[in-house]
Amino acid sequence: MNILVIGGGGREHTLCWKISQSAHCDKLFAAPGNAGTQTIATNLPIGVTDFDGIKEAVLKNNIELVVVGPEEPLVKGIHDYFLAHEELRPIGVIGPQKAAAELEGSKAFAKEFMIRHQIPTAQYAEFTKATIAQGKAYLERTAPPYVLKADGLAAGKGVVILEDLEAAKSELRRMLLEEKFGAASKKVVIEEFLSGIELSCFVLTDGNTYSILPMAKDYKRIGEGDIGLNTGGMGAVSPVPFVSKEFYNKIEDQIINPTVAGLKKDGLPYKGFIFIGLIKVGEEPKVIEYNVRLGDPETEVVLPRLETDLVTLFSAVHKEELESVTLQIKPETATTVMAVSGGYPEAYQKGMPISGLEGQEMIFHAGTTIKEGTIVTDGGRVLAATSLGQTREEALQKSYEKLKAITFKGMAYRKDIGFDL
Ligand code: AMP
Ligand code: GLY
């Protein structure tokens, strides 16, 4: 069948890489894709929220399966758009419908969902402009650090953690009254601070049953030792060594199972990936957030560990037959190290020619494009160098060797991925 992947980052290049290995994939397309997807798929110059443009391309190219990478089209209802157009209705869409995508689209919605289904998470309260006085009083009653979250999508920047009460009150004011994050911070969730180590859990569901993908840990800060500004992600490792069998079972019993059952019970149609951001508090897993897609750069270590044919899995999800497919996971460790543009996550330049990519395996493109026949940088995060190894050390060594062969002006990467494991 012909397949379209929506998005243009490292996650989508990895999805294309895995899909292209399937005997069930005829023609593969990416919209808009990048210089990496271009080597294995046909790039279509269509934006991820241009639903009419996507519709036209899907019909023209006889596409039967659409895999949605980023959250924005899902939260804006791309799956519902397909269901609302008769000629698109038979096409499989991997990604939840709009009502279910609110798990990522609204923090308050996600918290209410967790409370309703008794899924362990931080205590919280939500406030709007009309209840800002109560919000300040709530901060006064709770202990620092104060966790303030813009309710809506804020490109990964909507969470602010502060030690100082006065600073937290000012931040609440900026979010609610000055709409610091635009419409996303018209509502603010204030949450109990949870202390522990974080991990990312990925589940694929057809709305009835689920498969648990390999767990991963990502490294979000720009600086070694996990300090400095937040980024989209500087590297990732899978599996996560501190997830014992016992802890895994707790995650499944207390979180995954009630999440999938809760979606069904609430009538929230879900065919796609659920990304559960977890924190290990003592020996207990708690949910930090839900995302309705795969993570980036976690995908770059999760999919290379998947033995099972991804198109078979997606078809099973579409037909609600996921129960009939058994997931096979490679025992090896996967690591990825992200090469970024100089200056990132602050201002950086684009258009730097990249050399040293020839003959290298599993270099996933995050922000690249082709200019006059040359592959050049086109984003803050540029390339993810993924490797598999018998041990984490071996995989990391291979990832770093791959990066040593690559150059572009301003290239930077963290040398300590996996340091805390
Ligand atoms: P989010 O956008 O919800 O993933 O939050 C971004 C980051 O903020 C998370 O990855 C955590 O590191 C941190 N964070 C969010 N909520 C909490 C919390 N309740 N306690 C401690 N850290 C948190
Ligand atoms: N790596 C975190 C995310 O994709 O949101």
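Of all residues in segment 277-318, those satisfying the criterion of being away from ligand 2 (no atom under 14 Å from the Cβ), charged (D, E, K, R) and touching a residue at least 40 places away in the same chain (Cβ under 8 Å) are 280, 284, 286, 305, 309.
Taking residue 404, is it more than 23 Å from the chain's Cα centre (by Cα), at pLDDT 95 or above and within 19 Å of residue 224 (Cβ to Cβ)? Yes; evaluated as a whole, the condition is true for this residue. Evaluated against (1) of a type outside the set (A, V, I, L, M, F, W, C); (2) within 16 Å of ligand 1 (Cβ to nearest atom); (3) surrounded by fewer than 20 Cβ atoms within 10 Å (Cβ to Cβ); (4) part of a helix (DSSP H, G or I), residue 195 falls short on exactly one condition, (4).
Looking across 178, 171, one residue alone is surrounded by fewer than 16 Cβ atoms within 10 Å (Cβ to Cβ) and either modelled with pLDDT under 95 or within 16 Å of ligand 1 (Cβ to nearest atom) (or both). It is 178. Suppose we keep only residues that are within 16 Å of ligand 2 (Cβ to nearest atom) and among the basic types (Lys, Arg) within segment 146-180. Which one would you say is farthest from the chain's Cα centre (by Cα)? Checked segment 146-180; the qualifying residue farthest from the chain's Cα centre (by Cα) is 149. On the stretch given as segment 28-74, residues that are part of a strand (DSSP E or B), among the aliphatic types (A, V, I, L, M) and in contact (Cβ under 8 Å) with a residue 60 or more places away in the chain total 5. Of the residues making up segment 54-100, those that are more than 22 Å from residue 19 (Cα to Cα) and aliphatic (A, V, I, L, M) are 75, 83, 84, 99, 100. State whether one or more residues within segment 238-261 are closer than 30 Å to residue 413 by Cβ, among the hydrophobic types (A, V, I, L, M, F, W, C), within 16 Å of ligand 2 (Cβ to nearest atom) and part of a strand (DSSP E or B). The answer is no; no qualifying residue exists. Of the residues making up segment 336-371, just one is among the polar types (S, T, N, Q), touching a helix residue (DSSP H, G or I) at 6+ places or on another chain (Cβ under 9 Å) and part of a loop (DSSP other than H, G, I, E, B), namely 360.
Conditions (1) more than 14 Å from ligand 1 (Cβ to nearest atom); (2) modelled with pLDDT under 95; (3) surrounded by fewer than 24 Cβ atoms within 10 Å (Cβ to Cβ), marked per residue:
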| site | (1), (2), (3) |
| --- | --- |
| 270 | yes, no, no |
| 280 | no, no, yes |
| 285 | no, no, no |
| 293 | no, no, no |
| 296 | no, no, no |
| 299 | yes, no, no |
| 309 | yes, no, yes |
| 317 | yes, no, no |
| 335 | yes, no, no |
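Can you spot a residue in segment 260-274 that is acidic (Asp, Glu) and touching an Asp or Glu at 6+ places or on another chain (Cβ under 8 Å)? Checking segment 260-274: not a single residue is acidic (Asp, Glu) and touching an Asp or Glu at 6+ places or on another chain (Cβ under 8 Å).
The values are calculated or read from the model by the stated rules, or taken from the named source; none is laboratory data. These figures come from a predicted structure and were not determined experimentally. Cβ coordinates were reconstructed from backbone atoms using ideal geometry, including for glycine residues, and neighbour counts include every protein chain displayed.
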